[in-house]
Amino acid sequence: MKVERSVRVEDKLFCNRYLVDAGRPHIKVRAHTKPSPQLLALLKACPARCYDLNDKEQVEVTVDGCMECGTCRVIGEPTGDIEWGYPRGGYGVLFKFG
Amino acid sequence: MIEERFDAIVVGAGMAGNAAALTMAKKGMKVLQLERGEYAGSKNVQGAILYADMLEKLIPEFREDAPLERHLVEQRFWIMDNRSHVGLHYRSEDFNEERANRYTIIRAQFDRWFSSKVREAGATVLCETTVTDLAQDAYGRVIGVRTDRQDGEIHADVVVLAEGVSGLLGTRARLRERPKPNKVALAVKEMHFLPRETIEARFNLNGDEGVVIEAAGTISGGMTGMGFIYANKECISLGIGCLVADFQRTGRTPYELLDRFKRHPSVAPLIEGSEVKEYAAHLIPEGGYKAIPQLYGDGWVVVGDAAQLNNAIHREGSNLAMTSGRIAAEAIFQAKSRRLAMTKENLALYKRMLDRSFVLKDMKKYKDMPRLMHTNSQNFFLTYPQLISKAMQTYLRVDGTPKTEKQKSTLKSFVNARSWIGLFGDAFRFARAWR
Ligand SMILES: Cc1cc2nc3c(=O)[nH]c(=O)nc-3n(C[C@H](O)[C@H](O)[C@H](O)COP(=O)(O)OP(=O)(O)OC[C@H]3O[C@@H](n4cnc5c(N)ncnc54)[C@H](O)[C@@H]3O)c2cc1C
Ligand code: SF4
């Protein structure tokens, strides 16, 4: 599974403002041994590239750069692959322009 | 726990929620509005074109102090292939009017202003508060909400769900389905800053005049989607959105698509040398009329994007949100002033009023469009743009080929690509869906 690296999403996210709710991620990936096609799709579909593979080839999520768009919810929640919610009030991405 | 009881609780301080809260507060109702962002607008993303008429119905004098960017004097539609675009541009001096019809705005700033009007009208607005659940009684009637702020519930006669496209509360309470990958588009967007004069020179503008560009074609790589470029005072909003199902199917990444759009030879010169100050992403409801859920029930109504009230063909959403919010509020007020309970039966008035408005009439007009676009995305977003571009080039290049031959070869390229049956079929289906 090769994820598009030509565009550095990290640089894009760098200009955004976030208030990270440390230790309280609002999205969780269900424990799995082999990722489902839906989970694998998130590696590419997430516009903030929050999803990545760990060294055991399992899908992990790091929500720090999440823009709360809901794409992963639409793809991954119906299959039970992820649990999706909003950050606590006031936390998360803070758009200056939107 | 907030001990007070409210006439209405509005979830969300976006376009729909603000319209609803403002309308009810102005009529003297006791309104609580809850917003999860630090301030209204801090979670919201839009292109953004503001349609004045729908806002004027809520705040007639909005032009005096609303944060507006530019009034639009020109609209461009671009059909793009990888190296060219064929454009339809409409520009009119008539749009330089005192009460302009359309403006560009910056949503985070606009929502903040809109929210200040809601407060002035007397509503209680609580930001930094995520509503986690709807409170329901034993009969399933909605009686209030639960938030992440204080334990306990806040009660009201009616809850207005203005929670936007993801609509977590309504789906958790099984009032409607969660959005499906083929019914929502993911849009990514950047804010490009440039000196004012540079923007005005590049877009051919005087003073506060504005231009917007809507673009479709090979930029979406065969997926159902569109790009946009909107001129603001000192920045340019630029973005592209495609169906989530298409991203899932193709494995293309949203940021790569956005970057390709930015590098397109027709787009790159417009943003050259700019400083990007924000990268945002948001879903857009694209399911159309057939995706509209049940709009009311015992103790609740749903408005705006949460109700899929979004006209993807005309790129209108915020105005449908504002209008549905206002109409829901008016229906609630009518029920209240007649001392009727907020039951499903009585709240059906909202739907009847919405049926009579442009909101559901427009949605209904294009009821077959989403399916047509989604099932024919390769043709509409790849094949035709390429053919049209080639036809234009053949037509414009002067190379000694007789015109009749040029026309023949152009026609042949269309027939080869789509066959006569395909061409007629596409034209027929398109005309029928547009009708
Ligand atoms: C890229 C893009 C470009 C667009 N361009 C245009 C355009 O040019 N013109 C146009 O008219 N429309 C446009 N739209 C559509 C328009 O943005 C939407 O139709 C409109 O914002 C819908 O308003 P809303 O109030 O229903 O939802 P939103 O504006 O999304 O507001 C929902 C609000 O609810 C809050 N909320 C959600 N859940 C909770 C909760 N549980 N607790 C507390 N608060 C909550 C959110 O934080 C948010 O403030 C565009 C959309 C996108 C994404
Ligand atoms: S909500 Fe959007 S940005 Fe956040 S993890 Fe999911 S897909 Fe990525």
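The values are calculated or read from the model by the stated rules, or taken from the named source; none is laboratory data. For clarity, every value in this text was computed on a predicted model and none was experimentally measured. FYI the Cβ positions are ideal-geometry reconstructions off the backbone, even for glycines, and counts take in every protein chain you see. To get the accessible areas, we keep the full protein, side chains included, count just its heavy atoms, and leave off ligands, DNA and RNA. Shrake-Rupley method; radii C 1.70, N 1.55, O 1.52, S 1.80 Å.
Just a few scattered comments:
- Magnitude of the charge dipole, chain B, Cβ model with Lys/Arg +1 and Asp/Glu -1, debye to 20: 1880
- Contact order relative to length of segment B:108-237, as percent, for alpha carbon pairs under 8 angstrom and 6 or more apart: 14
- Threshold 30 Å², segment B:263-281 residues less accessible with all protein chains present than alone (1.4 Å probe): B:Lys277, B:Glu278, B:Tyr279, B:Ala281
- A Förster radius of 45 Å, combined with the Cβ-Cβ distance separating B:Asn101 from A:Glu57, puts the computed FRET efficiency at roughly 0.25.
- Taking all protein chains into account, the per residue accessible area for chain B stands at 42 Å² (1.4 Å probe).
- If you take all other residues with their beta carbon under 10 Å from the beta carbon of A:Lys96, and give Lys and Arg +1 and Asp and Glu -1, the sum is +1.
- Chain A contacts chain B over a buried accessible area of about 3800 Å², both sides summed; the probe is 1.4 Å and only protein chains count.
- Relative contact order, percent, chain B [alpha-carbon distance under 8 Å, six or more residues apart]: 19
- The chymotrypsin sites (Phe, Trp or Tyr not before Pro) of segment B:403-435 include none that meets both conditions, a loop assignment by DSSP and at most 12 other Cβ atoms within 10 Å of the site Cβ.
- Alpha-carbon centroid distance for the pair segment B:174-242 / segment A:1-68, whole angstrom: 25
- Relative contact order (%) - criterion: Cα under 8 Å, at least six apart; region: segment B:139-186: 23
- Between B:Ser337 and B:Thr198, residue separation times 0.36 nm minus the direct Cα-Cα distance comes to 44.6 nm.
- Of B:Asp368, B:Asp133, B:Asp65, the one that fluctuates the most in a GNM where chain B has Cα springs shorter than 10 Å: B:Asp65
- Normalised per residue, the accessible area of chain A is 48 Å², obtained with a 1.4 Å probe and no contribution from ligands, DNA or RNA.
- In the protein assembly as shown, a dipole from Cβ-located charges (positive for Lys and Arg, negative for Asp and Glu) runs towards its positive end, and of A:Tyr86, B:Gly47, B:Ala291 it is B:Ala291 whose Cα lies farthest in that direction.
- Accessible area of segment B:124-278 belonging to carbon and sulfur atoms, whole % at 1.4 Å probe: 45
- GNM result for chain B, Cα springs below 10 Å: residue of B:Arg397, B:Arg176, B:Arg326 fluctuating most strongly: B:Arg397
- Excluding same-chain neighbours fewer than eight residues apart, the aspartates and glutamates reachable from B:Lys364 by a Cα-Cα span under 15 Å are B:Glu286, B:Glu316, B:Asp355.
- Each Lys and Arg contributes +1 and each Asp and Glu -1, all at the Cβ; summed about the Cα centre of the protein assembly as shown, the dipole is approximately 1840 debye.
- Extending 7 Å from Cα along the Cβ direction at B:Asp137 and again at B:Arg371 yields two label points whose distance is 4.1 nm.
- Residues considered: B:Lys406, B:Lys43, B:Lys365. Largest GNM mean-square fluctuation over chain B, using C-alpha springs under 10 Å, is found at B:Lys406.
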